[in-house]
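Q: Pasting a structure below so you can have a look.
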Amino acid sequence: MDIIEAREWAEKTGKVLQGNLDPGVIMGDAKIIEEKTRQMIDCFGCQKYIANLGHWVWPNHEIQKLQTFVDTVRDHSFKLIKQK
């Protein structure tokens, strides 16, 4: 579903959106993880949105790369919230 349509639907219905980052991104280097995570948050926004991986954590995901994802979600979300 288109992200803009999903956001509009969620706002109209009071629902919360969740997910979206392809877990394959976690196999990339830290810069890719950070870039793709920021793009995801920029599209979905910080309100009524739960950021997570689209298809769970894989057994071969490195913990440090998962930490990069979590840190980026936190840091970028706070940055966007402060701008408002």
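Q: Identify which of Lys36, Lys12, Lys48 has the largest mean-square fluctuation in a Gaussian network model of the chain, with springs joining Cα atoms closer than 10 Å.
A: Residue with maximal mean-square fluctuation among Lys36, Lys12, Lys48: Lys12.
Q: Then there is this: Among Ile41, Ile63, Ile50, which one shows the biggest mean-square fluctuation in a GNM of the chain, springs joining Cα atoms closer than 10 Å?
A: In this elastic network of the chain, the residue with the biggest mean-square fluctuation among Ile41, Ile63, Ile50 is Ile63.
Q: Using the crude model of +1 on Lys and Arg Cβ and -1 on Asp and Glu Cβ, and no other charge, please compute the dipole size for the range 3-75 relative to its Cα centre, in debye to 20. Spell out each step's value before the answer.
A: Working: 9 positive and 11 negative charges, 46 e Å.
I would put it at about 220 debye.
Q: For the chain, which GluC sites (Glu not before Pro) pass both filters: DSSP loop (anything but H, G, I, E, B) and at most 13 other C-beta atoms within 10 Å?
A: Values: sites: Glu5, Glu8, Glu11, Glu34, Glu35, Glu62; in loops: Glu62.
Within the chain, the qualifying GluC sites (Glu not before Pro) (loop, at most 13 other Cβ atoms within 10 Å) are Glu62.
Q: With springs connecting C-alpha atoms under 10 Å apart, model the chain as a Gaussian network and identify which of Asn20, Asn60, Asn52 has the largest mean-square fluctuation.
A: In this elastic network of the chain, the residue with the biggest mean-square fluctuation among Asn20, Asn60, Asn52 is Asn60.
Q: Grab the eigenvalues of the alpha-carbon gyration tensor for the chain, scale each by 5, take roots, and send me the semi-axes largest first in whole angstrom.
A: 23, 15, 10
Q: Follow-up. Run the numbers on the chain and let me know its relative contact order in percent, using alpha-carbon pairs under 8 Å that are six or more apart.
A: So the answer I get is 36 percent.
Q: Placing +1 on the Cβ of each Lys and Arg and -1 on the Cβ of each Asp and Glu in the chain, which of Pro23, Gln47, His61 has its Cα farthest towards the positive end of the resulting dipole?
A: Gln47
Read the figures in this text as sums done on the coordinates, not as results from a lab. Because the structure is a prediction, the values reported are computed rather than measured. Quick reminder, even Gly has a Cβ in these numbers, built from the backbone with ideal geometry, and neighbours come from all protein chains shown.
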